[in-house]
Amino acid sequence: MNARGQLAEDLACVYLQKQGCAILCRNFYSPFGEIDIIATKEGVLHFIEVKSRRKGEPIYAITPHKLQKIQATIGVYLQENPSDLPFCIDALTLQGELPNCHIAWIQNIGL
């Protein structure tokens with residue numbers, strides 16, 4: 001991961017914690033891909049993809065193929081870490097120059 005990506009994920013974690021999330025895991029890897037952040041809030045497990053862009057909309061970088069990889073990786077995570085909590089896939093986008101950027105947490109983007 002490059003320095004911008006690392007800073008974006010660090011900022012995302014701070015933002016999520018301020019929103020009341022507990023961060024369970026960062027950069028969970030499986031043979032299918034990676035999940036940037038796994039967190040819980042109010043009894044829901046959130047699998048969060050972090051995207052940042054200086055210009056343009058970061059959300060458009062999350063393609064249907066990327067969502068499929070995330071879903072497969074969630075399956076691996078839940079096999080290794082069983083949970084009865086409901087879960088969702090979220091995007092956390094950072095738009096503009098870091099660290100002074102616009103942050104948006106978009107919940108339940110796919111399944």
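A few remarks follow.
- Whichever residue in region 96-111 is surrounded by 13 or more Cβ atoms within 10 Å (Cβ to Cβ) and at pLDDT below 95 and, among such residues, is nearest to A8 (Cα to Cα): L98
- Test result for I38, surrounded by 18 or more Cβ atoms within 10 Å (Cβ to Cβ) and either touching an Asp or Glu at 6+ places or on another chain (Cβ under 7 Å) or in contact (Cβ under 8 Å) with a residue 40 or more places away in the chain (or both): no
- Qualifying residue in region 9-29 (condition: buried (at least 18 other Cβ atoms within 10 Å of the Cβ) and assigned to a strand (DSSP E or B)): yes
- Selection count, region 61-95, where residues are touching a Phe, Trp or Tyr at 6+ places or on another chain (Cβ under 6 Å), outside any helix (DSSP H, G or I) and not hydrophobic (A, V, I, L, M, F, W, C): 0
- The one condition in (1) touching an Asp or Glu at 6+ places or on another chain (Cβ under 8 Å); (2) in contact (Cβ under 8 Å) with a residue 60 or more places away in the chain; (3) among the polar types (S, T, N, Q) that N27 fails to fulfil: (2)
- Meets criteria (at pLDDT 95 or above, more than 11 Å from the chain's Cα centre (by Cα) and among the β-branched types (V, I, T)) for V50: no
- Taking every residue in region 47-67 that is under 13 Å from H102 (Cα atoms) and pairing it with any residue that is small (G, A, S) and part of a loop (DSSP other than H, G, I, E, B), at least 6 positions away or on another chain, the pairs with Cβ-Cβ distances below 7 Å are R54/G96.
- All conditions in (1) surrounded by 13 or more Cβ atoms within 10 Å (Cβ to Cβ); (2) farther than 21 Å from I74 by Cα hold for E49, with the sole exception of (2).
The values are calculated or read from the model by the stated rules, or taken from the named source; none is laboratory data. Predicted, not measured: the structure shown is a model, and the values here were computed from it. Note that we place each Cβ from the backbone using ideal geometry, even for glycine, and neighbour counts take in every protein chain shown.
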